[in-house]
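The values are calculated or read from the model by the stated rules, or taken from the named source; none is laboratory data. Since this is a predicted model, take the numbers as computed values, not measurements. Note: ideal-geometry Cβ built from the backbone for every residue, glycine included; neighbour counts use all protein chains shown. Ligands, DNA and RNA are excluded from the accessible area calculation, which covers all protein heavy atoms including side chains. Shrake-Rupley method; radii C 1.70, N 1.55, O 1.52, S 1.80 Å.
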Amino acid sequence: MVKSLVHAARVMESFQSAGDVLRLRDVVARTGFNKGMCFRLLYTLHQCGFLDKVGENHYRLASEVRRRRLYRIGYAAQGQDTSFDKEVRIGLERAAEREHVELIVVDNRYQPKIALRSADYLIKEQVDLVIEFQTDELIAAAIASKYLEANIPFIAIDIPHPGATYFGANNYQAGLLAGHYLGRWAKKHWNGEVDEILLIELHRAGSLPKARIRGIATGIGEVLRVAERCRTASVDGDGQFQTTLERVRKHLRETKARRVLVGTANDSSALGALRAFEEAGRAADCVVVGQNAEPEARAELRTPNTRLIASVAFFPEKYGDGLLRLALDIMARKPVPPAVFTTHQVITPENVDHFYPNDSLLSLPA
């Protein structure tokens, strides 16, 4: 390797497009080289016709540079038809393009058998690392075994997998935030009197997301003195709107509770539960807190007099940058923590426009 050519290539790669105009100090910042080296390289590249000078110490590429892809990363998408899954994928694709990483995307389609086939495909493609987003804890060990046997490091999103670096929710903390909010609302509006706590779970996701539900129950108990007559019930909504709707419908045929606090595993379940109460003419009997703060939930929060009083945000639109930074650190053999947690924020009708001021643009025609 001729070091001077490597350095020159780094300078040219600091221009992100043919129209990108950089100053000397911009090139210093992007390459990490000292000012003197950058000046000499820029001068030489200009004299050789690779760069155009467009003002005092301003340069741009004379022609587009074909950038090499440093790594190949496999992404096994969850495959659930939700905005959360879509936001993670879009963010990851943007981050990969920006960092010149080749991203090979497969779709797990929210089905364990397909997730296993996706793992086989990514191994066959000889990727350098895999980012795995699949929900079934029961097959996590089998998927992990495939990657470990192939000597491919991998990151698991939201559902732990043996041997993977975890990236995603701090589930118990997110649950506590939801539980505290439900408890405070009941204290203010129902004088702390609650007839039932209804928890909408996601059984297939296993133990860690279950901590989210446990956090909700604990959070309510930390704020309220729950009476002995208050019943705690749980329903497996499978993280899906229709399944939750049908199962909460059935639950409401069996209970006449009037003041019900509803804590859910995600927003699809929150909206499914809310619609079931509305169908039964019992919307006033409940208040609901969701998880994820997805666009559908944010739209509901803006609905006057909604009984969805909050959703805990996970900010999936920021997952892509965090995942790619973590992936690059792993492939560069830098020390990384066993788990990287995202931040959480309770989104309410009062603050939804502050945290998501551009939501109105989502409904505009393309």
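Below, the figures for the structure above:
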item: Gained length - Asn358 relative to His7, 0.36 nm times residue gap less alpha-carbon distance; result: 122.2 nm
item: Förster-model FRET efficiency, 35 Å R0, Ala18 and Gln126, C-beta, rounded to 0.05; result: 0.65
item: Rel. contact order, % - alpha carbon contacts under 8 angstrom, at least six apart, the chain; result: 13
item: Chain lengthening between Arg231 and Lys188 when straightened (0.36 nm per residue, less Cα-Cα); result: 13.4 nm
item: Dipole of segment 280-334, positive end: most advanced residue of Ala327, Asn305, Asn292 [Cβ charges, Cα centre]; result: Ala327
item: Debye, to nearest 20: dipole size of the chain, +1 on Lys, Arg Cβ, -1 on Asp, Glu Cβ; result: 720
item: Heavy-atom surface of segment 193-247, accessible at 1.4 Å and reported per residue (Å²); result: 47
item: All-pairs Cα distance distribution in segment 14-86, expressed in whole percent, bin size 5 Å; result: 3, 14, 20, 19, 10, 6, 7, 7, 7, 5, 1
item: Percent RCO, i.e. relative contact order, over segment 20-123, from Cα pairs under 8 Å lying at least 6 residues apart; result: 22
item: Cα lying deepest toward the dipole's positive end in the chain, options His100, Val223, Pro160, charges on Cβ; result: His100
item: Extension gain (nm, one decimal) between Thr218 and Ile90, 0.36 nm per residue minus Cα-Cα; result: 42.6 nm
item: Rounded to the nearest 20 debye, dipole of segment 1-68 from Cβ charges on Lys, Arg, Asp, Glu; result: 260
item: Segment 295-366: relative contact order in percent, alpha carbon pairs under 8 Å with at least 6 residues between; result: 41
item: Pairs of Cα atoms farther than 24 Å apart, segment 1-139, %; result: 48
item: Net dipole in debye of segment 158-206 [+1 Lys, Arg Cβ; -1 Asp, Glu Cβ; about Cα centre; nearest 20]; result: 200
item: Table column - 3J(HN,Hα) (Hz), segment 237-247, Karplus curve with 6.51, -1.76, 1.60, x for Gly and Pro; result: x, 6, x, 10, 4, 5, 4, 5, 4, 5, 6
item: Calculated FRET efficiency for the pair Val340/His46, C-beta based, R₀ 45 Å, to 0.05; result: 0.60
item: Share of pairwise Cα separations in the chain, more than 28 Å, in percent; result: 54
item: Anchor Lys188: lysines whose Cα lies under 23 Å away (excluding residues fewer than 8 positions away in-chain); result: Lys256
item: Spin-label pair Glu278/Ile114, simplified geometry with 7 Å Cα→Cβ offset, distance in nm; result: 2.8
